[in-house]
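**Student:** My questions will all concern the structure given below.
What follows draws every value from the coordinates through simple rules; no lab data is involved. Worth saying up front: this structure is predicted, and the values here are computed from it rather than measured. Glycine gets a Cβ as well: all are built from the backbone with ideal geometry, and neighbour counts include every protein chain shown.
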Amino acid sequence: MDALLHVGLFLPLLAGIALLIWPSLGRRLAVAASGVTFLIAAWLFARASGEAYTFQALLLEPIQMYYALRLDGVGLVLWLAVALTTLLAVFIAKVPTRMLGWALLMESGLLGIFAADDLILFYVFFEATLIPSLLMLGLYGGRERLKAAYTFALFTLAGSLPMLAALFAVRYLGGAPSFLYSDLAAHPVSGSVADWVFLGFLVAFAVKTPLFPLHAWLPSFHAENHPSGLADAMGTLYKVGLFAFFKWAIPLAPEGFAQFQGLLLVVAAFSAIYAAWLAFAAKDWKRLLAYGGVSHMGLGALGLFSGNAEGVTGALFLLAASMVYTGGLFLVVGRIAERTETLEIGPVRGIAKSAPALSVLTMFLVMAMIGLPGLSGFPGEFMALLGAWKISPWLTFIAFTAVIAAAAYALTAYQALFQEEQNRVVSDLTPREWAFAVAIVAGVVLAGVYPKMFTQMIHPLSEALAKLLGGGA
């Protein structure tokens, strides 16, 4: 299985480099590479027996840095979500060939983030993934793309420096013999050092969740990206903050987390309702989905920061599910924008009459986003809110209003585009888009109808974190 682990991790990187050098290789290479990566992720997921897939080799002996991979239940679920969404994105998006190459490079970085078991290796993947994301925005974005790229880079780098300090502090002040997760977790920092270490991680990971007020880069990032939705779907996958809190920040500085837990619960709840309110005011689909994503990650963060097994499992399930349905919505919006030549909400109306299948597909993904039972958005939201309720019923009640708001802003925008008096005739789904629709509907329904397939992989690790925190409270 070691070979499959390495192939799955680096095949997108190699294919992406090939497309950047020889763009004439075209979309077929991108689809083939991402398809093989998805099959590897699915095979590893199906063959999982409760034991993590691991590999370890010493890279830098003076500082005891390892090329160490550990793909446990959580990592497998997230690998599957990343691989599926990337495959669908490169299959459906109409973009320049080199942009597909950048997307594959980004996929490789994301898979590395979820598999790295050495803190420096994680940091390398965490930062390297920024490069293709910035280049897709800067090379292929809209008129304000450079401003959006600058804002994105500024927020990211502002979080990277405290994280780098925390990275070295957690090892050398904790006394761990290496940067391996097992060594660091066996020597967690304590006292006031733990507070500062956790704060260093907090800034970096809050940017990539994102949480208020470090979410400000996200709306312009999505609004200025290529209208196809490819870069937006990959950007949705880059919301790795919840995983990073779960894997690194909380276990390596549990005392620091305990000091900030109450504040983090408040920030998470506020992020959920504040972003939902901003989504109401959004004038275009990309900003609506961007703010909707912030709101959903606020709900996920509320579950994670509850510190109990139900909340943590719900948060990680919601993270994986949102990668697929939010990424899918960005891609569908991209297909609509190609037909209507606008992303604005309002100018084009009533297109369901000429494109009924497109309207049904969009409604399906919107329903997944707002948490309709039976679809993939519901189990994660429910478990996250259940876990949060055990810690703070009032905060949970406040955050739940974001779920109600999601139905209101998403369905209002949907109605304006599809159901009002028709003023534009557009084409319905093409054969390629039908294939996309079948694949994403199958994934969303499977996760909604049989969530146990995924939660049984996540829950044991959530219980371990809850035990570390003394049950969560």
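**Student:** Between K390 and K353, 0.36 nm times their residue separation minus their Cα-Cα distance comes to what?
**Tutor:** Between K390 and K353, full extension yields 8.7 nm more.
**Student:** Which three lengths, in whole Å and largest first, does segment 1-149 cover when its Cα atoms are put on their principal axes?
**Tutor:** Largest to smallest, the principal-axis extents are 46, 36, 25 Å.
**Student:** Apply the Karplus curve 6.51 cos²θ - 1.76 cosθ + 1.60, θ = phi - 60°, to the phi angles in segment 263-270 and return the couplings in whole Hz, x for Gly and Pro.
**Tutor:** Those phi angles translate into 5, 5, 4, 5, 4, 4, 4, 5 Hz.
**Student:** Using just the alpha carbons, could you tell me how many Å³ per residue the convex hull of the chain encloses?
**Tutor:** 124
**Student:** Give me Rg/Rg_expected for segment 303-457, where Rg uses Cα atoms only and Rg_expected = 2.2 N^0.38 Å with N residues.
**Tutor:** Working it through for segment 303-457, the quotient is 1.14.
**Student:** To the nearest 0.05, what FRET efficiency results for A46 and A18 with a Förster distance of 41 Å applied to their C-beta separation?
**Tutor:** So the FRET efficiency works out to roughly 0.90.
**Student:** In segment 20-104, which chymotrypsin sites (Phe, Trp or Tyr not before Pro) fall in coil by DSSP and have 16 or fewer other Cβ atoms within 10 Å?
**Tutor:** Qualifying residues, ordered by number: none.
**Student:** Along the charge dipole of segment 2-468, which of G256, F436, A48 sits closest to the positive end, that is, farthest toward it, with unit charges on the beta carbon of Lys, Arg, Asp and Glu (+1, +1, -1, -1)?
**Tutor:** Final value for the positive-end residue is F436.
**Student:** Could you tell me how many cubic angstrom of Cα convex hull volume segment 122-229 has per residue?
**Tutor:** Dividing the Cα hull volume of segment 122-229 by its residue count gives 98 Å³.
**Student:** What's the longest piece of the chain with no exposed GluC sites (Glu not before Pro), counting a site as exposed if DSSP puts it in a loop and it has at most 14 other beta carbons within 10 Å?
**Tutor:** The longest uninterrupted stretch comes out as 145-340.
**Student:** How far is the Cα center of segment 220-263 from the Cα center of segment 73-138, in Å?
**Tutor:** If you average the Cα positions of each part, the centres end up 14 Å apart.
**Student:** Dipole magnitude of segment 2-468 about its Cα centre, charges +1 at Lys/Arg Cβ and -1 at Asp/Glu Cβ only, in debye to the nearest 20?
**Tutor:** Charge dipole, segment 2-468, about its Cα centre: 840 debye, nearest 20.
**Student:** Given contacts defined as C-alpha pairs under 8 Å and at least six residues apart, what's the relative contact order of the chain, whole-number percent?
**Tutor:** 15
**Student:** Show me, for segment 69-80, the HN-Hα J-couplings you get by feeding each phi into the Karplus relation (A = 6.51, B = -1.76, C = 1.60, θ = phi - 60°), rounded to Hz, glycine and proline as x.
**Tutor:** 3J(HN,Hα) across segment 69-80, in whole Hz: 10, 9, 9, 9, x, 5, x, 5, 4, 6, 4, 4.
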